[in-house]
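Notes to accompany the following structure.
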Amino acid sequence: MKPFKAILGMDAAQAGIAFHLIDTDNNELAAGSLPASTEGMGKLAATLLAHKLHWTDLLGAIESTGPWHLPWCEKLHQLGVRTYVLNPLIAKRTTTPDNAIRDRKTDPLDAAGLAQTLLREHRRLERFLYRRDCPLFRLRRLQNTRQTVRENLTNLKKSLGTLLAITFPELRSVKLSDARQRALISAAPTPADILALDEASLKAIAGAKTQALCEAAARSFASAELAQASAPALQQLAKTIGEIEDNLAGFDTLIEQHAPEALGAERIGKAQTLPGFGEKTALVILANIPVGLLETPMPQRKLANKIQAQLGCEPRVRTSGQWTGKTKLSKRGNVQGRIALYQAASCAIMHDGPLQAIYRGLRARGKPHKVAIYDIGRRLIRRLAAVLKSNPQTLQTSSCLP
């Protein structure tokens, strides 16, 4: 006898969910859409009551797209529903025939497909069960928000370069540091303002490059009128960039403070013994390895392969008939984790002799730089799996549950 009486498939969006309720014989009991609100939960409870079902009689399946599924997962978890959070790849691979053609993709069809997937495969999907882990959730939100701020900072710096092309295009050739450049823009945003500064003030800003800066300002191609008109925007943009960089430092401090609670100080310490796994990269990689994956007993080699797939670093070959494509990275996993692994591998080949020799050997055989770097990353993942499997206690995760 099955330990459940019905399965609830849900496709979440910002406004609410499309749901599909079936029994254990795959008979449709109810379907529809609900708002993301207490009222929506009340309507769902009334639907269950109409079919003489209790929350604990259900298995739930919801697709993990963006943050919209999280409030539903939390509510269902509190009500005693075993909820499986399936990533889009799982949902797509096990879709129903009605949803096979992508131009017919709709939320109701997705919800039906999720319910039927869970009915067939629930025993094999245990590692996708929703787990409330507040410390890890906090750490991931900090890392995701930091990444968003960092991307915006990059765009602002591009805008700064565009404004400098109008006000003082020769400044780039002077090669001042970012901090000195912002100090210069704050004090003297145009070539005329720079030439008007007294020598002591200019030297305090530019240091040893004072003479080169004055020469560049004297021969500047910029229009004095356009440079002066652009100066207020340039100064405000430089000020904003400085404030955002200070905020990024604050994010780094918070991430460092909360990481031990979320990941375990021992696990972090062991990961950082690996070459290239620094204070930032180690935390990003560890935070983006699914908790369920680490808690599932499996051989070390299999764990390494699954971590590699989770980060989208596993090789993928496409074939069709007699045509065989090139072997490439799948890039289907976690983007932040993959970027951090690339950074770790790039650092490792500079500081680890054996890995550096492997990298040079790959390059000598004609392998492109990225291919060689991700090969080093694959080796680092195997070392990481060995570290994590060396002591079962390091695999325990913290939770806000009692």
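The values are calculated or read from the model by the stated rules, or taken from the named source; none is laboratory data. Since this is a predicted model, take the numbers as computed values, not measurements. With ideal geometry, Cβ positions are generated from the backbone for all residues, glycine too; neighbour counts draw on all protein chains shown.
For this structure, a couple of remarks:
- Within the range 316-326, none of the residues are touching a residue at least 40 places away in the same chain (Cβ under 8 Å), over 15 Å from ARG338 (Cβ atoms) and among the β-branched types (Val, Ile, Thr).
- Residue that is surrounded by the fewest Cβ atoms within 10 Å (Cβ to Cβ), among those in the range 26-54 that are touching a helix residue (DSSP H, G or I) at 6+ places or on another chain (Cβ under 9 Å) and in a loop (DSSP other than H, G, I, E, B): ASN26
- Inside the range 103-156, residues that are closer than 20 Å to LEU76 by Cα and polar (S, T, N, Q) make up a count of 2.
- Count of the range 280-332 residues which are assigned to a helix (DSSP H, G or I) and either in the same structural domain as ARG141 (by TED's automatic domain parsing) or of a type in the set (D, E, K, R) (or both): 4
- The single condition among (1) over 25 Å from the mean Cα position of the chain (by Cα); (2) surrounded by fewer than 16 Cβ atoms within 10 Å (Cβ to Cβ); (3) hydrophobic (A, V, I, L, M, F, W, C) that LEU362 does not meet is (2).
- Candidates are the residues of the range 186-209 that are crowded, with 16+ Cβ neighbours inside 10 Å and touching a residue at least 40 places away in the same chain (Cβ under 8 Å); the one that is nearest to the chain's Cα centre (by Cα) is PRO189.
- Within the option set THR281, THR253, being buried (at least 20 other Cβ atoms within 10 Å of the Cβ), within 30 Å of SER390 (Cα to Cα) and hydroxyl-bearing (Ser, Thr, Tyr) holds for one residue only, THR281.
For every residue, the table says whether it meets (1) assigned to a helix (DSSP H, G or I); (2) within 26 Å of MET298 (Cα to Cα).
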site: LEU341; (1), (2): yes, yes
site: MET350; (1), (2): yes, no
site: PRO354; (1), (2): yes, no
site: ALA357; (1), (2): yes, no
site: ARG360; (1), (2): yes, no
site: LYS367; (1), (2): no, no
site: ARG378; (1), (2): yes, yes
site: ARG383; (1), (2): yes, yes
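- Some residue of the range 191-205 being part of a helix (DSSP H, G or I) and closer than 30 Å to HIS69 by Cα: no
- Scanning the range 290-312 turns up one or more residues that are touching a Pro at 6+ places or on another chain (Cβ under 7 Å), within 22 Å of PHE137 (Cα to Cα) and not aromatic (Phe, Trp, Tyr).
- Search result, residues across the range 278-307 that are over 13 Å from GLY337 (Cβ atoms) and free of Cβ contacts under 8 Å to residues at least 60 places away in the same chain: GLU279, PRO297, MET298, PRO299, LYS302, ASN305
- Candidate set from the range 120-177 (those that are part of a helix (DSSP H, G or I) and among the acidic types (Asp, Glu)); member that is surrounded by the most Cβ atoms within 10 Å (Cβ to Cβ): GLU121
- Residue in the range 130-138 that is modelled with pLDDT of 95 or more and touching a Ser or Thr at 6+ places or on another chain (Cβ under 8 Å) present: no
- Taken together, the residues in the range 220-235 that are in a helix (DSSP H, G or I) and surrounded by 12 or more Cβ atoms within 10 Å (Cβ to Cβ) amount to 10.
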